[in-house]
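The values are calculated or read from the model by the stated rules, or taken from the named source; none is laboratory data. As the structure is a prediction and not an experimental result, all values here were calculated from the model. Don't worry about glycine lacking a Cβ; one is built from the backbone with ideal geometry, like all the others, and counts go over all protein chains shown.
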Amino acid sequence: MPTLTITNGRLIDPANGVDTKTDLALDKGKVVKVGKIAKPAGKVFDAAGCIVTPGLIDPHVHLREPGQEDKETIATGSAAAVHGGFTTVVCMANTSPAIDDDSRIEFIYRQAEETASCHVYPTGCVTKGRRGEELAEVGLMSEAGAVAFTDDGDAIASAAMMLKALAYVKMTGKVLMQHCEEPALTDAGAMNAGALATRLGLAGRPAVAEALVIQRDILLNESVGCRYHVQHLSSALGVDLIRRARKAGQPVTTEVSPHHLLLTEDDCATYDSNYKMNPPLRTKRDVKALLKAVKDGVITILATDHAPHTREEKEVGFPNAPSGILGLDCALPLYIKALIETDTIDWPRLVEMMTVRPAELCNLDAKGHLSPGADADVTVIDPKESWTIDVNAFASKARNCPFHGWSVNGRAIATIVAGKVALNRDKSRLK
């Protein structure tokens with residue numbers, strides 16, 4: 001007998017080509033049936049007027065634990081995920097100490113089991129300490145459960161090290177995620193390089209720094225064939241390179257974050273450090289190229305790059321503030337604003353980019369779809385709910401977000417993790 005049945009919703013499951021009004025039955029942490037159920041047993045959630053999807057997955061978040069628990073923890077970061085409709089997150093390895101051996105992969109899993117509100121999967125470093133000098137224990141970390149490998153926060157600057165990394169990561173069957181910025185061109189920069197940066201007296205980070213790393217890695221990978229993923233794509237130059245590589249059949253994927261779809265370098269003119277990103281906000285031309293790349297299928301994944309910082313860290317001069325903003329609590333309505341409300345893509349494509357594609361990226365075979373036997377992770381979205389983003393209502397420990405006060409449409413009203421209702425914003429729907 002199903003323990004939870006979700007009825008009357010528009011069920012969108014891109015992995016199975018489903019987009020119809022129907023019911024969904026869950027039991028013992030698994031999907032048991034998709035289809036009309038005459039007499040639902042157990043608990044019933046009425047999803048009338050809502051969209052029912054596989055649980056949303058974010059393959060790029062910073063949970064800061066271990067070592068930076070003043071910014072965020074696995075407990076608070078996963079709570080923010082559930083608050084935003086995400087049932088699964090993949091945390092980056094740039095903690096302190098970095099996640100560069102199997103014992104630290106095991107620590108993330110233990111800590112998540114004890115404190116997390118949703119599923120948390122760790123990435124492992126490509127190089128020891130993320131210093132780019134010596135390959136980390138890729139094989140041992142893969143066996144311990146690392147779902148991907150990345151030195152995110154820094155590019156692997158050495159071509160020789162990158163070639164070795166591609167070969168070793170390929171043997172694991174996992175994906176290598178790269179932060180694509182040539183450090184020699186970006187280390188001193190605070191925002192996008194150009195006339196505005198010069199006028200503001202801020203050092204620049206040029207778009208060509210992103211393109212150089214992407215091009216180099218694509219060339220190196222031609223002889224290796226490792227799965228290669230470009231994180232937080234930000235430039236038209238980068239889009240062009242990835243478009244050509246994918247057309248040539250190379251195993252290249254990429255993601256884009258809400259801030260690179262909705263904000264530009266012009267927002268930095270106030271010197272508000274909440275607009276300081278890594279990679280930086282770029283031009284309107286770059287935003288246009290990113291939107292087209294989403295529409296054309298060059299960009300296949302949406303990822304927040306959730307990057308919490310303390311208030312004290314952000315409330316300093318723009319050049320000295322750390323880069324990054326929060327994403328999990330408010331990403332869904334921002335994607336709706338950038339992509340659905342502009343008619344760039346439709347709802348099935350949006351759901352695809354937030355479920356099955358990130359699941360494929362990280363080899364999460366039982367997630368990202370609602371086939372019978374799949375994990376019972378479900379997100380229920382009210383696409384018409386209008387609300388105002390309020391950082392003070394976030395579940396995250398941090399508050400560094402430039403979208404505070406924005407009026408948005410669409411919200412996760414229920415987040416179901418392993419068959420259990422972790423978030424329910426409308427108690428009247430659950431009987």
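Per-residue answers, yes or no, for (1) in a loop (DSSP other than H, G, I, E, B); (2) more than 17 Å from ASN400 (Cα to Cα); (3) more than 18 Å from the chain's Cα centre (by Cα); (4) not assigned by TED's automatic domain parsing to the domain that holds ASP286:
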{"residue": "LEU237", "(1), (2), (3), (4)": "no, yes, yes, no"}
{"residue": "ILE242", "(1), (2), (3), (4)": "no, yes, yes, no"}
{"residue": "ALA245", "(1), (2), (3), (4)": "no, yes, yes, no"}
{"residue": "GLN250", "(1), (2), (3), (4)": "yes, yes, yes, no"}
{"residue": "GLU255", "(1), (2), (3), (4)": "no, yes, no, no"}
{"residue": "ALA269", "(1), (2), (3), (4)": "no, yes, yes, no"}
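What do you reckon, is LYS39 charged (D, E, K, R), more than 13 Å from SER117 (Cα to Cα), surrounded by fewer than 24 Cβ atoms within 10 Å (Cβ to Cβ) and modelled with pLDDT of 95 or more? Judged against the criteria, LYS39 is not a match. Restricting attention to segment 296-313, the residues that are closer than 26 Å to ALA75 by Cβ and surrounded by fewer than 20 Cβ atoms within 10 Å (Cβ to Cβ) add up to 4.
Given the structure, is ASN278 among the polar types (S, T, N, Q), part of a helix (DSSP H, G or I), touching a helix residue (DSSP H, G or I) at 6+ places or on another chain (Cβ under 9 Å) and in the same structural domain as HIS232 (by TED's automatic domain parsing)? Against the criterion (among the polar types (S, T, N, Q), part of a helix (DSSP H, G or I), touching a helix residue (DSSP H, G or I) at 6+ places or on another chain (Cβ under 9 Å) and in the same structural domain as HIS232 (by TED's automatic domain parsing)), ASN278 does not qualify. Could you say whether any residue in segment 306-316 is closer than 24 Å to VAL252 by Cα and modelled with pLDDT of 95 or more? Looking through segment 306-316, at least one residue is closer than 24 Å to VAL252 by Cα and modelled with pLDDT of 95 or more.
How about segment 323-343: which of its residues are buried (at least 16 other Cβ atoms within 10 Å of the Cβ) and free of Cβ contacts under 8 Å to residues at least 60 places away in the same chain?
Taking segment 323-343 as the starting set, the residues that turn out to be buried (at least 16 other Cβ atoms within 10 Å of the Cβ) are 323-340.
Passing the criteria: only SER323.
Given the condition in a loop (DSSP other than H, G, I, E, B), in the same structural domain as ALA155 (by TED's automatic domain parsing) and not polar (S, T, N, Q), answer yes or no: does some residue in segment 71-78 qualify? Within segment 71-78, one or more residues are in a loop (DSSP other than H, G, I, E, B), in the same structural domain as ALA155 (by TED's automatic domain parsing) and not polar (S, T, N, Q).
What helices (runs of 4 or more DSSP H) completely inside segment 158-226 contain at least 3 residues that are loosely packed, with under 15 Cβ neighbours inside 10 Å and at pLDDT 95 or above? Reasoning before the result, please.
Values: elements: 159-172, 183-186, 195-200, 207-221.
Helices (runs of 4 or more DSSP H) meeting the threshold: 159-172, 195-200.
Hey, does segment 386-394 have a residue that's touching a residue at least 12 places away in the same chain (Cβ under 8 Å), over 30 Å from ALA190 (Cα atoms) and not assigned by TED's automatic domain parsing to the domain that holds ALA289? Among the residues of segment 386-394, at least one is touching a residue at least 12 places away in the same chain (Cβ under 8 Å), over 30 Å from ALA190 (Cα atoms) and not assigned by TED's automatic domain parsing to the domain that holds ALA289, which makes the answer yes.
Filtered by the rule that a residue be among the aliphatic types (A, V, I, L, M) and farther than 21 Å from ASN424 by Cβ, segment 33-83 gives VAL34, ALA38, VAL61, LEU63, ILE74.
Across segment 21-37, a minimum of one residue is classified as outside any loop (DSSP other than H, G, I, E, B), in the same structural domain as VAL380 (by TED's automatic domain parsing) and of a type in the set (S, T, N, Q).
Checking every residue in segment 72-79 against the condition of being crowded, with 24+ Cβ neighbours inside 10 Å, without any contact (Cβ under 8 Å) to a residue 40 or more places away in the chain and in contact with a Leu (Cβ under 6 Å, 6 or more places away or on another chain) gives zero matches. For segment 144-177, the tally of residues that are over 24 Å from VAL120 (Cβ atoms) and of a type in the set (Phe, Trp, Tyr) stands at 1.
The numbered conditions (1) in contact with a His (Cβ under 8 Å, 6 or more places away or on another chain); (2) within 23 Å of LYS420 (Cα to Cα); (3) buried (at least 22 other Cβ atoms within 10 Å of the Cβ) are all true for ALA15 except (3).
The lone criterion from (1) part of a loop (DSSP other than H, G, I, E, B); (2) surrounded by 17 or more Cβ atoms within 10 Å (Cβ to Cβ); (3) not assigned by TED's automatic domain parsing to the domain that holds GLU114 left unmet by ARG10 is number (1). Say whether the condition of being part of a helix (DSSP H, G or I) and either within 14 Å of ALA148 (Cβ to Cβ) or at pLDDT below 95 (or both) is met by at least one residue in segment 49-57. No; the residues of segment 49-57 include none that is part of a helix (DSSP H, G or I) and either within 14 Å of ALA148 (Cβ to Cβ) or at pLDDT below 95 (or both). Number of residues in segment 96-112 that are surrounded by fewer than 24 Cβ atoms within 10 Å (Cβ to Cβ) and assigned to a loop (DSSP other than H, G, I, E, B) equals 4.
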